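Here's the structure we're looking at; comments come further down.
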Amino acid sequence: MQAGTIVGNLASAIGITTEDVALIADLKAGSEEAFGILIAQYHQPLYSLIARSLNDPADAADITQEVFIKVFRSIRGFHGGASLRTWLYRIALHEASNQRRWWSRHKKQEITIDSSFESDPDAENNHLSLAATLADHRDSPYDHAAQAEVRERVEAALRQLPEAFRTVVILREIEGFAYEEISEILNVNIGTVKSRLTRGRSALRSILSADGVISPATTNSASSGTVLTSKEAVTQ
């Protein structure tokens, strides 16, 4: 009992839950059941992250598979320096970055436009909720169609951002990571995270304004605390 408490306290101190400690131990032991649990728990969020990080979302399924293969091969080298989730996201972003570099060399000429954003990262009431905008609420056939159109245009706008800005916006606005976690995943300081987030939000707001997803008035009034919800974005 005492030993279990010590392990639990140590796991908490380094940001790993006791459930993750048991799962990691089983993974290192080669348990197929544990690997199945890992895939069931993380496949969809990693797939979504990768799809939004790539220039061509059609490649997301293959890259997600590569991530889990890499995790399976590398799990014995995981020593708990970060949480399991942070480690997985770091691998996923690395693989997505590799794919983007390949894409830029081989397929860049093929892309077409079809294929909340705070001015201050620490402000709580001054943003358009990107996660809410990309959510599928399915309120009615009309609302679903309108929301789907907005979601597609936001996804397209995300892919126009420079990689460094896009990654931080996705991790913060969609995945909900804290600044400290993003700093750990990307191996940059928190100041850099906040700077990239501010610039990414500003760039994304400008793209969405030019595309008519949000009005220029919303863009210009962002600094005064105007909030544009996902429903307002749909009905504009």
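In the complete set of protein chains, residue-level accessible area for ILE75 is approximately 10 Å², probe 1.4 angstrom. In the assembled protein chains, THR18 presents an accessible area of approximately 80 Å² (probe radius 1.4 Å).
The values are calculated or read from the model by the stated rules, or taken from the named source; none is laboratory data. Everything numeric here is computed off the predicted structure, so don't read it as measured data. Surface areas here come from the heavy atoms of the whole protein model, side chains and all, with no ligands, DNA or RNA. Shrake-Rupley method; radii C 1.70, N 1.55, O 1.52, S 1.80 Å.
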